[in-house]
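Below: one structure, written as structure tokens.
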Amino acid sequence: MKKIIVILAVTFLATGVFAQKGPRGGVRVIAPRPVLVMGAYSPFYYGYNPYWGFGNPYAYSHFYNRPTKLDLQIADIKNDYQQKIKSAKSDKSISKAERKQVVRDLKHDRDQEIIEAKRNYYKMR
């Protein structure tokens, strides 16, 4: 009976160890290097690899997506309001309830300004 209990305990401990997250060894995926084949680069270098499939995030990394004016404008609005919110949170001259209200108002204003920027952007197109 003791042997069975010991075997069960070891089995549960082993399954707990193997269930842990993190690297466990195994196969390493190495990104392909450019290969010169008869005066031209290998097609595997530019992302076509039947073993990767189309979901590979590095497959077409040589293409660059430029942000639109709307994306840049929204990023500017968020950065401006992030600074205002940070300074409002660190302002100790007003009470905590007033600070919270100021932060809520700033977040509301930020959201309204983003909505207005989107409206203006799509009206102009």
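The values are calculated or read from the model by the stated rules, or taken from the named source; none is laboratory data. All of these numbers come straight from a predicted model, not from anything done at the bench. We place every Cβ from the backbone using ideal geometry, glycine too, and count neighbours over all the protein chains shown.
Filter segment 75-91 down to residues that are aliphatic (A, V, I, L, M) and more than 9 Å from ARG110 (Cβ to Cβ) and give me whichever is farthest from the chain's Cα centre (by Cα).
So the first thing to find is which residues in segment 75-91 are aliphatic (A, V, I, L, M), and the list is 75, 77, 85, 88.
Restricting the remaining residues to those that are more than 9 Å from ARG110 (Cβ to Cβ) gives 75, 88.
Numbers: ALA75: 16, ALA88: 28 Å.
Out of the qualifying residues, it is ALA88.
To keep it simple, each residue is scored yes or no on (1) modelled with pLDDT of 95 or more; (2) closer than 25 Å to ARG125 by Cβ; (3) polar (S, T, N, Q).
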residue: PHE44; (1), (2), (3): no, no, no
residue: PRO50; (1), (2), (3): no, no, no
residue: GLY55; (1), (2), (3): no, no, no
residue: PHE63; (1), (2), (3): no, yes, no
residue: ASP80; (1), (2), (3): yes, yes, no
residue: ASP105; (1), (2), (3): yes, no, no
residue: ARG110; (1), (2), (3): yes, yes, no
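Please go through segment 105-125 and give me each residue that is farther than 16 Å from ASP71 by Cα and of a type in the set (D, E, K, R), ordered by number.
Looking only at segment 105-125, we keep the residues that are farther than 16 Å from ASP71 by Cα, and these are 105-109.
Within segment 105-125, ASP105, LYS107, ASP109 qualify.
In the list ALA19, ALA97, ALA88, which residue meets the criterion of being modelled with pLDDT of 85 or more and loosely packed, with under 13 Cβ neighbours inside 10 Å?
Values: ALA19 fails: modelled with pLDDT of 85 or more; ALA88 fails: loosely packed, with under 13 Cβ neighbours inside 10 Å.
Only one candidate passes the filter, namely ALA97.
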